[in-house]
């Protein structure tokens with residue numbers, strides 16, 4: 001267990017994408033007993049954890065910034081794709097905010113539906129929140 005935690009903590013996350021097939025195989029074949037699994041991420045892509053949730057109890061923790069969910073008109077800003085590390089200038093004007101917000105809300109509804117359908121508990125920690133108090137209050141609901 002210590003080695004798994006050590007490896008996880010030393011793995012660079014920026015510039016990488018998650019291999020959901022690997023995660024599924026690992027969770028189903030290497031974690032023998034039903035366990036409590038935490039999956040932490042921004043969840044801007046649909047996860048593949050339905051099969052895992054049939055064997056294990058899965059809790060998804062979304063890490064988000066308020067600006068990612070409800071951007072405001074900010075003019076030109078530079079954004080970096082966390083997977084490709086490509087940086088580009090984006091003009092955040094009224095039309096961008098409207099289109100982005102609509103698309104993000106539609107995706108989040110689908111994500112919530114996926115979690116609910118598969119019995120996955122989830123909650124969001126925003127970058128301006130204390131993660132320890134948020135996690136402890138969530139776990140206190142069990």
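Since every read-out is calculated from the coordinates, none of them should be taken as a lab result. No experiment lies behind these values; they were computed from the predicted model shown. So basically every Cβ, Gly included, is an ideal-geometry build from the backbone, and we count neighbours across all protein chains shown.
Sticking with the crude label model, points 7 Å out along Cα→Cβ, report the distance from residue 99 to residue 72 in nm, one decimal please. According to this spin-label approximation, the distance is 2.3 nm. For the chain, take the longest principal axis of its alpha carbons; what is the angle in degrees between that and the long axis of helix 94-117, to the nearest 10 within 0 to 90? Helix 94-117 sits roughly 10 degrees off the main axis of the chain.
Rounded to the nearest 500 deg cm²/dmol, what is the calculated helix-only ellipticity per residue at 222 nm for the chain, with -39500 (n - 2.57) per DSSP H run of length n ≥ 4? Dividing the helical sum by the residues of the chain leaves -13000 deg cm²/dmol. Diffusion coefficient of the stretch 2-139 by Stokes-Einstein, Kirkwood radius over Cα pairs, 4 °C, 1.567 mPa s: 76 µm²/s. The length gained on full extension between residue 137 and residue 80, counted as 0.36 nm times the residue separation minus their Cα-Cα distance, comes to 17.3 nm.
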